[in-house]
Each structure stands twice: as C-alpha cells, then as structure tokens.
Amino acid sequence: MRSYLVVANQTLGGEHLMARVRQSLAEGPCRYHIVVPATPQGEMLTWTEGKSAATAQARLDRALARFRKLGAEADGEVGDKNPILAIEDALRHGAFDEIILSTLPPGISRWLKLDLPSRVAARFNLPVTHLVVETEAA
C-alpha cells in the first residue's frame, strides 16, 4: 500500500488536491497522512500561536472528512509553523513513499518565495509532487 504525506495549509481541500487523491486511489490502495503547518495568518496584523493552531486544526478536520468521503484512509496532524520542521516531525513517526506539497500560486505563496518544493526535495530523500491551486477568475 502506497503511503503519502500531504503538506498543505490554505490550499488543503482544494479541487487540485482532491483530483490527485482520486488519481492515487484509482492506481491502487493507498493511505494519507496530512500535515497542516500552523503558519501565522498573513492577513491579520496580530496573530497568536493558539489562533494559528486552531485555524490549522479546522482545515485538517475538513480535509480529513473530504479525503474519507472519497474512500481514502487518512489521518493527520497540525504541525510546526515551519513546514520543513513539520515534515521532519511527520517523517520521524511514519514512513512515506511520496510527499505531496500543495501551495498557493507564485506571487501569493510564501512557501514558493521560500523555494519550499526544491528545499523539501533536497532535504528529504523522497519524491515530491508539487501541486499549485488554481485561482478563480475574477
């Protein structure tokens, strides 16, 4: 059974990610572990770690429901605000065949500004699939 580590925050549950889950499920048995880094909310002038964790947990709960509705075996956790550390923590507790990293588009994504997909690929000896959410037309 293939095992995927899904790392996402604001894009978690987007159709781009659900399409990838459906594709993986069609290819054979698999399971998912979702990590939602508790990153600070950019639009707020002030933030607290508790607020970030609560927002991440709410996203995780919604995503788990969507994954399971598709028939996926899924669990997850709220991770460190630093996505690299969140991935590192998850890899300490589980073995995965692939990391699926979901981001906002270039120009909007803080993770892309940090070159996260390349850094994750270089740091962890696993295939990385980078998915970018499509923004809706105005």
Search the stretch 83-138 for residues being hydroxyl-bearing (Ser, Thr, Tyr) and at pLDDT below 95, and hand back the single one that is farthest from Gly13 (Cα to Cα). Ser109
For Gly42, are the conditions met, namely being in a loop (DSSP other than H, G, I, E, B), outside the structural domain of Arg110 (by TED's automatic domain parsing), at pLDDT below 95 and under 17 Å from Thr129 (Cβ atoms)? no
Every residue from the stretch 10-23 that is in a helix (DSSP H, G or I) and either in contact (Cβ under 8 Å) with a residue 24 or more places away in the chain or farther than 13 Å from Thr129 by Cβ (or both): Glu15, His16, Leu17, Met18, Arg20, Val21, Arg22
Matching residues, the stretch 95-108, being crowded, with 17+ Cβ neighbours inside 10 Å and assigned to a loop (DSSP other than H, G, I, E, B): Phe96, Leu104
Leading residue by the ranking (surrounded by the most Cβ atoms within 10 Å (Cβ to Cβ)) among those in the stretch 69-80 that are farther than 14 Å from Ala8 by Cβ and not small (Gly, Ala, Ser): Asp80
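The values are calculated or read from the model by the stated rules, or taken from the named source; none is laboratory data. Please read these numbers as outputs of a predicted model, since none were measured by experiment. Every residue, glycine as well, gets a Cβ built from its backbone with ideal geometry; the counts of neighbours run over all protein chains shown.
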